[in-house]
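Some notes on the structure that comes next.
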Amino acid sequence: MDFNAPYLGYYIRIVAIASLLLGLNDAARLLGVQLGATSPIADLGINGFAFLAIFALSRLFAAVGLWMKASWGAVLLVGATGVELALYLMGNGDVRMSAFGFALRLVLLASVVAIFVLGIRHHRAHAHD
């Protein structure tokens, strides 16, 4: 997919920054920044800590991929966010997020889907030339 469309570049970079900030927030939760003396593993549990680590790393790598305008960044972001939201909606107690975090992840998922749709439209428009 061609992510080098002129109007698509800024939008992809904004989504990359949002993904980066969400990944850094998850990394801060992994380090226990706001927990004080409590261990993050004790707070989240082993499975919750592992899930959060996987989602944080995948979001950070996806941000780098999106910044480089590589299609694997968008695929990684859709996969990680989709799995995280599915686990949360199925009632997995190990995946925790606030209402704002849930809404932000939905917006991020919708943004990446919009990137794919705009990329396909740009590709089809130039295929006719």
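Some notes on this structure:
- Lys, Arg +1 and Asp, Glu -1 on Cβ, resulting dipole of the range 1-110 about Cα centre, debye, nearest 20: 180 debye
- Proximal charge balance of Val15 [Cβ under 14 Å; K/R count +1, D/E count -1]: +4
- Dipole of the range 28-129 [Lys/Arg +1, Asp/Glu -1 at C-beta], most positive-end residue of Leu87, Ala63, Ala53: Ala63
- Less than 5 angstrom separates the built amide H of Met97 from none of the residues sequence-distant by 5 or more or on a different chain.
- Per-residue 3J(HN,Hα) values for the range 20-34, derived from phi via the Karplus relation 6.51 cos²θ - 1.76 cosθ + 1.60 with θ = phi - 60°, read 4, 5, 5, x, 5, 5, 5, 5, 5, 5, 5, 7, x, 4, 9 Hz in sequence order (x marks Gly and Pro).
- Quotient of C-alpha Rg and 2.2 N^0.38 Å, computed over the chain: 1.17
Every number in this text was worked out from the coordinates using simple rules, so none of it is lab data. Quantities reported herein were computed from a predicted structural model and do not represent experimental measurements. Neighbour counts are summed over all protein chains in view; Cβ atoms, including those assigned to glycine, are modelled from backbone coordinates with ideal geometry.
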